[in-house]
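Quick notes on the structure that follows.
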Amino acid sequence: MTAELLRPAADEFLRIAGAVHDLTAPTPCAGYDVRGLLNHLLYWGPWLIAAGRRSAAPSPLGGEADAALVTDGWRADLEKQTETLVEVFESPSAWTGTTALGSASLPAAVVGVMVLGEFVLHGWDLARASGQELHCAPEAATAVYESAVAMGDQARSMGVYGPAVAVAADASPLERALGAAGRDPGWSCPQEG
């Protein structure tokens, strides 16, 4: 079921990313402006692809902070990487058994949902930073929410998520997913001046 949610989420993610113009704008993802968030996506995408393929992870040439992956061709790079992620994780075999993400061994299905979360959560981050609206299927948001709740404490201890944000009892599935992943659904880009 979750694999079927990837393509629409990826298409929406790319629609949002394609309309981004200000790389210096702040995002709701703590510690990242748009350039930094795009760099994060381009840095970790090959690791997720390798986990899905069960192939060797990229050789780290320094960490994410040392990478400078947002070049003039970043849109084409991000589109190609996103397409590859979808192709890899559309295969049922990418969701079965265990796999390695860096030095960690974990269920392959967890990595698949992480990919969906990258599209949904970081798609929303980029949308908010650029004054856009992310359109997310309720089923995709619910899968991201369930994953964020399940791994929330561990993700917070690693600095991946901020503290959970309380949302209204009648919050949408996307708002619940955002709150569980440490994002304020009401966040908007600060106005200059």
State yes or no: is Arg128 open to solvent by 10 Å² or more (accessible area, probe 1.4 Å), at pLDDT below 95 and farther than 25 Å from Pro58 by Cβ? no
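Residue by residue, here is whether (1) assigned to a strand (DSSP E or B); (2) open to solvent by 50 Å² or more (accessible area, probe 1.4 Å); (3) among the aliphatic types (A, V, I, L, M); (4) on the phi < 0 side of the Ramachandran plot holds:
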residue	(1), (2), (3), (4)
Gly62	no, no, no, no
Val70	no, no, yes, yes
Ala76	no, yes, yes, yes
Ser93	no, yes, no, yes
Ala100	yes, yes, yes, yes
Leu106	yes, no, yes, yes
Out of (1) of a type in the set (A, V, I, L, M); (2) closer than 24 Å to Val34 by Cα; (3) in contact with a Gly (Cβ under 8 Å, 6 or more places away or on another chain), what's the single condition that is false for Leu116? (3)
Hits in the stretch 115-131 (condition: among the small types (Gly, Ala, Ser) and in a helix (DSSP H, G or I)): Gly117, Gly123, Ala127, Ala129
Verdict on Cys136 being open to solvent by 20 Å² or more (accessible area, probe 1.4 Å) and at pLDDT 95 or above: yes
Among the residues of the stretch 3-16, is any in a helix (DSSP H, G or I), farther than 16 Å from Gly123 by Cα and out of contact with any strand residue (DSSP E or B) (no Cβ under 7 Å at 6 or more places or on another chain)? yes
How many of the residues in the stretch 78-91 are open to solvent by 40 Å² or more (accessible area, probe 1.4 Å) and not in a loop (DSSP other than H, G, I, E, B)? 4
Go through the stretch 134-156 and count every residue that is of a type in the set (Gly, Ala, Ser) and farther than 19 Å from Ala109 by Cβ. 0
Sort out which residues of the stretch 35-60 are open to solvent by 80 Å² or more (accessible area, probe 1.4 Å) and among the aliphatic types (A, V, I, L, M), and write them in order of number. Ala56
How many residues does the stretch 4-30 hold that are within 15 Å of the chain's Cα centre (by Cα) and not β-branched (Val, Ile, Thr)? 15
Met151 within 24 Å of Pro26 (Cα to Cα) and open to solvent by 30 Å² or more (accessible area, probe 1.4 Å): no
So, in the stretch 154-171, of the ones that are crowded, with 16+ Cβ neighbours inside 10 Å and under 15 Å from the mean Cα position of the chain (by Cα), which residue ends up modelled with the lowest pLDDT? Ala155
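The values are calculated or read from the model by the stated rules, or taken from the named source; none is laboratory data. Quick caveat: nothing in here was measured; it's all calculated off a predicted structure. Note that each Cβ is placed from the backbone with ideal geometry, even for glycine, and that neighbours are counted across all protein chains shown. Remember, those area values only see protein heavy atoms, side chains included, never the ligands or the DNA or RNA. Shrake-Rupley method; radii C 1.70, N 1.55, O 1.52, S 1.80 Å.
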